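Data first, discussion second: the structure below is written as structure tokens.
The values are calculated or read from the model by the stated rules, or taken from the named source; none is laboratory data. Values in this document were obtained by computation on a predicted structure and should not be read as measured data. Methodologically, a virtual Cβ is constructed for each residue, glycine included, from the backbone with ideal geometry; neighbour enumeration extends over all protein chains shown.
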Amino acid sequence: MTDTLYIDCPCTSFPRSFARDYKETYLYPPPATIYGFLLSLVGEADLKAHLGVKLSVGIIDKKPVISRILRKQRHHKFGKKHMGTYPPSKYSKPNFQEILTDIKVVLKIDSSQESAKIKLDERVTIALSSPEQITRFGGLSLGESWALINGIRPYRETDGKINWLSKDYRGLISLPVWINRQNQRGTFQRFSFGEFNPDCWVEIQAS
């Protein structure tokens, strides 16, 4: 298991699964998003490469700042062969989107239940200690592709108190653990905040 990691992201959004024209955001980073972030960090394109990994997610501030911006969004999907055929205005229009600022995330990784030959926690350790051994592309983002992070490193006590997301079937925080890219359906889990405990571990499995 790796040490507790700290991620600093100045601006991001975690769009809710049901959001359409008005893009609401989850207040806290979903485990599904953190898993995708880690795959991007190690340069892994196969979403199922590290199924079985367990993640614990926490944040430094329980009340992130929400802002609302107006941005142009695409509303119709079409194949590449049609791109450029019609005026862009036909497929996009301005809409409001919620964004979060100054997000500080912490996480733990437990790869003991993985079947991969090289575990995700091992690959993360390599990526942080010897990044020249990792082959990846694009900026490292948390959430949407534009949401670049400031950095990732081991957590320090001076970073602040950690508020851990703990599984709680009566909790008021509902977050996706896995999203099926084909039908956009997902597996959700309810959470509440608490001290670190065994219920903080969430196993990533395809649904």
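For the range 108-125, enumerate the residues that are among the β-branched types (V, I, T) and surrounded by 15 or more Cβ atoms within 10 Å (Cβ to Cβ).
I109, V124, T125, listed by residue number.
Taking the conditions exactly as written (at pLDDT below 95 and either in contact with a strand residue (DSSP E or B) (Cβ under 9 Å, 6 or more places away or on another chain) or assigned to a strand (DSSP E or B) (or both)), does T33 satisfy them or not?
No: the conditions fail for T33.
Taking the residues in the range 138-165 that are hydrophobic (A, V, I, L, M, F, W, C) and in a loop (DSSP other than H, G, I, E, B) as candidates, determine which candidate is farthest from D3 (Cα to Cα).
W146
Any residue that is modelled with pLDDT under 95, charged (D, E, K, R) and either part of a loop (DSSP other than H, G, I, E, B) or touching an Asp or Glu at 6+ places or on another chain (Cβ under 9 Å) (or both) - is there at least one of those in the range 179-187?
yes
Being within 28 Å of S130 (Cα to Cα) and assigned to a strand (DSSP E or B) is the filter here, so list the residues in the range 188-207 that pass it.
V202, E203 - these are the residues of the range 188-207 that are within 28 Å of S130 (Cα to Cα) and assigned to a strand (DSSP E or B).
Regarding R123, is this residue of a type outside the set (D, E), more than 20 Å from K62 (Cβ to Cβ), in contact with an Asp or Glu (Cβ under 8 Å, 6 or more places away or on another chain) and not in a loop (DSSP other than H, G, I, E, B)?
Judged against the criteria, R123 is a match.
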